[in-house]
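In what follows, a structure is listed as structure tokens, so that the remarks can point back to it.
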Amino acid sequence: MQSTSAAQTRAPAAAIVGGVLGVRLRLPDGALLGPVLLAAIATAAGFGSQPPELARELAFTVIGLEVGLRFTRDTLRILGRLLPKVFLYSAVTTAACGLLAWAVTSFTPVTLVDAYLATASASNAGVTLVFAVQALRLFLMVSPPPP
């Protein structure tokens, strides 16, 4: 891993390069996915770094406010009706993450706990592994299906 200051000075340039590459490679939403994939590759290769804690917390706060301030009473009623389905889908997703983690441990030296936490969102397992898995998941979710 690079020092924090070196990584922070290179991050804007890497974001721009990733955006340009993403658009040129005609990735779906290349301006977003290009930097994400470039960062995932750099992190997997050992060149990544963590964002400063203040920047990360500020970003989470802004995103939370952006989402939370849009809620109305009608939105809460709709969410209440969806709650049973959400719990079911959460249980199914948790089980699928467990199966995927078990498969990952069959082919890699990663522990079952780290593999599970890397497949589940918002985990604190090995940052490099989590970042790479989550970037790949994002890429697969926005990629168009094969013809």
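The values are calculated or read from the model by the stated rules, or taken from the named source; none is laboratory data. None of these values were measured; they are calculated from a predicted model. We place every Cβ from the backbone using ideal geometry, glycine too, and count neighbours over all the protein chains shown. Accessible surface areas use protein heavy atoms only, side chains included; no ligands, DNA or RNA. Shrake-Rupley method; radii C 1.70, N 1.55, O 1.52, S 1.80 Å.
Before moving on, here are some points about what is shown:
- Within segment 118-147, considering residues that are in contact with a Gly (Cβ under 9 Å, 6 or more places away or on another chain) and open to solvent by 60 Å² or more (accessible area, probe 1.4 Å), the one modelled with the lowest pLDDT: 127
- Exactly one residue out of 83, 99, 58 is under 20 Å from residue 119 (Cα atoms) and free of Cβ contacts under 8 Å to residues at least 12 places away in the same chain, and it is 99.
- Helices (runs of 4 or more DSSP H) contained in segment 1-100 and holding at least 1 residues open to solvent by 50 Å² or more (accessible area, probe 1.4 Å), at pLDDT below 80 and in contact with a helix residue (DSSP H, G or I) (Cβ under 6 Å, 6 or more places away or on another chain): 30-44
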